[in-house]
Amino acid sequence: MPYDIVPASPTLVPDDDTAPAVAIPQAPRKRPPPRTVGTRVHGQPAFVLHSYPYKETSLIVELLTRDFGRVALIAKGAKRPHSQLRGVLQTFQPLSAGWTGKNELRTLTDADWVGGMLPLEKTALLCGFYLNELLVKLLARDDAHPKLFDHYVATLNQLAHQESPPIVLRKFETALLKETGVAADLTRCTSTRAKVLAEVQYVVEPERGPRPVQPDDTAPRVAGKTLLDMEREDYRDAATQAQSKQLMRFLLAYHLNGAPLNTRQILIDLMQL
């Protein structure tokens, strides 16, 4: 493993009982604080989320970093044929990055490949691009979420080891909404603060959380058992898988203000995730 991570879940149970499980390292070691000199950052664990051309020879690169969140950097000369950055700034590969600058758009000073992770292939690769698109659209720049970074690393490893994509994605979507502060406690009713009951039907209000279903509700209806299963990351029940998929589509659409997710549509077309 390239980074010391906090595992997203000790066990994943595939929905078709065929995908192999993978052990995620436990007991992460404490890391020292990020090294900074003035406005310069050194040796920051990072992943490329997205990049696009900037002027003739450079790129603007969006990185997910452990201690600084999502940052936007100019990679000067990265498009030149002999640039050292050209082969390093690849998605889903762990990097050690450095940059300098005070503005929102800073300058990349170094990026080194760390290694130690399996590549994503086929459906897992599309799932990885879906994760990146979610992070770019939902994560504010310069808003650090170390736990979410560790969850991202764990999720890439689970996908690379052929864990069940629907289950892996549901867990990451839930973690993303929780870590960014827009997901409520799924085990408590918003109106009464009473515990969610497995046998009761609920809707989840995006700004508040679960409440019992009312006759005129148009939001997806989910069983209390589904909400409890999601909170404890137990997706063995087929009903939990189906209802959590519809619920997360609804919540993500709300928090994206209706903006489409290109990779999700591709995945829906391929495998109905």
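Values computed for the structure shown
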read-out	value
Some residue of the stretch 192-200 being under 17 Å from the mean Cα position of the chain (by Cα), at pLDDT 90 or above and not hydroxyl-bearing (Ser, Thr, Tyr)	no
Subset of the stretch 52-77 that is of a type in the set (Asp, Glu) and out of contact with any Ser or Thr (no Cβ under 9 Å at 6 or more places or on another chain) - its residue that is farthest from Leu138 (Cα to Cα)	Glu56
Arg86 vs. criteria out of contact with any helix residue (DSSP H, G or I) (no Cβ under 6 Å at 6 or more places or on another chain), among the basic types (Lys, Arg), within 28 Å of Leu118 (Cβ to Cβ) and in contact (Cβ under 8 Å) with a residue 24 or more places away in the chain	no
Strands (runs of 3 or more DSSP E) lying entirely in the stretch 1-92 (those with 3 or more residues that are of a type in the set (Ser, Thr, Tyr) and at pLDDT 90 or above)	40-54
Condition broken by Glu121, with the remaining ones in (1) surrounded by 15 or more Cβ atoms within 10 Å (Cβ to Cβ); (2) under 30 Å from Arg249 (Cα atoms); (3) not aliphatic (A, V, I, L, M) satisfied	(1)
Breaking point among (1) without any contact (Cβ under 8 Å) to a residue 24 or more places away in the chain; (2) more than 21 Å from Ile167 (Cβ to Cβ), for Arg208	(1)
Any hit, the stretch 165-188, residues being farther than 26 Å from Leu126 by Cα and among the basic types (Lys, Arg)	yes
Failed condition for Lys147, given (1) within 13 Å of the chain's Cα centre (by Cα); (2) farther than 21 Å from Arg66 by Cα	(2)
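One line per residue, one yes/no per condition, for (1) surrounded by fewer than 18 Cβ atoms within 10 Å (Cβ to Cβ); (2) in contact (Cβ under 8 Å) with a residue 24 or more places away in the chain; (3) touching a Ser or Thr at 6+ places or on another chain (Cβ under 6 Å); (4) in a helix (DSSP H, G or I):
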| residue | (1), (2), (3), (4) |
| --- | --- |
| Glu163 | no, yes, no, no |
| Ala175 | no, yes, no, yes |
| Asp185 | yes, yes, no, no |
| Thr190 | yes, no, no, no |
| Glu199 | yes, yes, no, no |
| Gln214 | yes, no, no, no |
| Lys225 | no, yes, no, yes |
| Leu252 | no, yes, no, yes |
| Asn257 | yes, no, no, no |
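The values are calculated or read from the model by the stated rules, or taken from the named source; none is laboratory data. In this text the structure is predicted, and so the values were computed from the model without any measurement. Note that each Cβ is placed from the backbone with ideal geometry, even for glycine, and that neighbours are counted across all protein chains shown.
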